[in-house]
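The values are calculated or read from the model by the stated rules, or taken from the named source; none is laboratory data. Fair warning: this is a prediction, and the values are worked out from it, not measured in the lab. FYI the Cβ positions are ideal-geometry reconstructions off the backbone, even for glycines, and counts take in every protein chain you see. These area figures cover heavy atoms from the full protein model, side chains too; ligands, DNA and RNA do not enter into them. Shrake-Rupley method; radii C 1.70, N 1.55, O 1.52, S 1.80 Å.
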Amino acid sequence: MSAAAAPSPRRDTRGIVDPAELFTRVRFRRHTPAPELRPYLEHYWLIDWELTEPYVTQVVPHPSVNIVFQRYGPLSGPAEAAEAAEEAEEAEEAEEASSAEVSGIGLGLFTQELTGLGRVCGIQFRPGGFRPFAPAWPVSTWTGRRVPLAEVFASAAGEGTVLSPEDDHARVAALDAFLLAQGPAPDRDAEQAMQLVDLIRTDRELRKVSLLAAASGLSTRSLQRLFAGHVGVGPKWVILRYRIHEALERAESAGATIAPDWSRLAAELGYSDQAHLVRDFTATIGLPPTAYARAVSAP
């Protein structure tokens, strides 16, 4: 496939609500997949935590499908650690608390409470990059849904294969092996969808679907069909989501310093006025941008 491969995982925190606070609670890493998979994937993401108190994390999802392997369990006290029988019981409980799923594009704010011990190994596909691995269904099939991995892939990897290794390289190798066993199938439409979403992400001038249609050489209706089948949401939704990501990042970078010119930012992002930006931001995050900026800068 000729789609350009990402040379390294993204380093930005776009989409993560209050990333500075999250990174004090968990170990978060991104890793690059095998060369054959890079045209289709953003990165692998690995998270481990050990918390004595619950913590709620929130993410404004990207227009990406994810495959998520996860395991949750209670913290072990000294007595449990001393007893081999109880350790075995805890291991069994941890196995029962593990799962693997395909997570379609989230339409709203994703909220997850983290408690005790936990581990997640995730695969974030490029927008448009999932369909070659599951060509039997349009990607819109999974939008707003989280379904067991075995419902999508007959040869689904066991959670233990991915989650058990303590070494990151071993986890990445297990993820590579799982995906390479699934394909990918050649798909020219997937390549075009990935290129168009990249264009939306990088070109601020593409504020309307009609402009994207003109840039792609497709009719608006054909563009809508392409996005439904290979991205999972419409092009207008993608445009708006990336603009909210940028507004979120601006609010975080402002913090306690000089506040951004929200009116100017609204115009740059393609909003008709500041009120529309504030409305969309508030509806997505739950706080107006100025209030969010103050909240993330609070000690």
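Please tell me if LEU114 is open to solvent by less than 50 Å² (accessible area, probe 1.4 Å), closer than 25 Å to VAL238 by Cβ and among the hydrophobic types (A, V, I, L, M, F, W, C). No; evaluated as a whole, the condition is false for this residue.
In region 15-74, which residue that is aromatic (Phe, Trp, Tyr) and not in a strand (DSSP E or B) is modelled with the highest pLDDT? Working first, answer last.
Within region 15-74, the subset aromatic (Phe, Trp, Tyr) is 23, 28, 40, 44-45, 49, 55, 69, 72.
Then drop every residue that is not not in a strand (DSSP E or B), which leaves 23, 40.
Working: PHE23: 93, TYR40: 97.
This residue is TYR40.
Suppose the filter is touching a strand residue (DSSP E or B) at 6+ places or on another chain (Cβ under 9 Å), at pLDDT below 95 and not aliphatic (A, V, I, L, M); does PHE125 pass it? It is false that PHE125 is touching a strand residue (DSSP E or B) at 6+ places or on another chain (Cβ under 9 Å), at pLDDT below 95 and not aliphatic (A, V, I, L, M).
Every condition in (1) open to solvent by 60 Å² or more (accessible area, probe 1.4 Å); (2) assigned to a helix (DSSP H, G or I); (3) over 20 Å from ASN66 (Cα atoms) is met by ALA247 except one, and the failing one is (1).
To keep it simple, each residue is scored yes or no on (1) farther than 24 Å from ILE244 by Cα; (2) open to solvent by 50 Å² or more (accessible area, probe 1.4 Å).
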position	(1), (2)
VAL26	yes, no
HIS31	yes, no
ARG38	yes, yes
ASP48	yes, no
THR52	yes, yes
GLN58	no, yes
ASN66	no, no
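Of note, LEU248 satisfies the criterion of being more than 30 Å from ALA156 (Cα to Cα) and of a type in the set (A, V, I, L, M). If the condition is being crowded, with 17+ Cβ neighbours inside 10 Å and hydroxyl-bearing (Ser, Thr, Tyr), then region 197-244 contributes SER216, TYR242.
Residue-wise test of (1) hydroxyl-bearing (Ser, Thr, Tyr); (2) open to solvent by 60 Å² or more (accessible area, probe 1.4 Å); (3) modelled with pLDDT of 80 or more; (4) over 26 Å from the mean Cα position of the chain (by Cα).
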| residue | (1), (2), (3), (4) |
| --- | --- |
| ILE258 | no, yes, no, yes |
| SER263 | yes, yes, yes, yes |
| SER272 | yes, yes, yes, yes |
| LEU277 | no, no, yes, no |
| PHE281 | no, no, yes, no |
| ILE285 | no, no, yes, no |
| PRO289 | no, no, yes, no |
| TYR292 | yes, no, yes, no |
| VAL296 | no, no, no, no |
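Taking the listed residues THR161, THR115, THR111, the one that is at pLDDT below 95 and in contact with a Leu (Cβ under 7 Å, 6 or more places away or on another chain) is THR115, with no other qualifying. Note on region 160-190: among residues that are in contact (Cβ under 8 Å) with a residue 40 or more places away in the chain and open to solvent by 50 Å² or more (accessible area, probe 1.4 Å), the one that is nearest to VAL120 (Cα to Cα) is LEU180.
Applying the selection to region 36-55, what residues are closer than 19 Å to ASP198 by Cβ and out of contact with any Leu (no Cβ under 6 Å at 6 or more places or on another chain)? Even if it seems obvious, please write down each step before you answer.
As a first pass, look at region 36-55 and keep what is closer than 19 Å to ASP198 by Cβ: 37-43.
Passing the criteria: ARG38, PRO39, TYR40, LEU41, GLU42, HIS43.
Just one of the listed residues (ALA214, ALA193, ALA275) is hydrophobic (A, V, I, L, M, F, W, C) and farther than 24 Å from GLY128 by Cα, and it is ALA275. Just for region 232-253: of the residues that are more than 16 Å from the chain's Cα centre (by Cα) and among the small types (Gly, Ala, Ser), which one is modelled with the highest pLDDT? Top of the filtered list is GLY234. In region 165-179, the condition of being in contact with a Gly (Cβ under 9 Å, 6 or more places away or on another chain) and of a type in the set (D, E, K, R) is met by no residue. Listed by first and then second residue, the pairs linking a residue in region 264-290 that is charged (D, E, K, R) to a residue that is open to solvent by 30 Å² or more (accessible area, probe 1.4 Å) and not in a helix (DSSP H, G or I), with Cβ atoms under 6 Å apart and 6 or more places separating them unless they lie on different chains, form an empty list.
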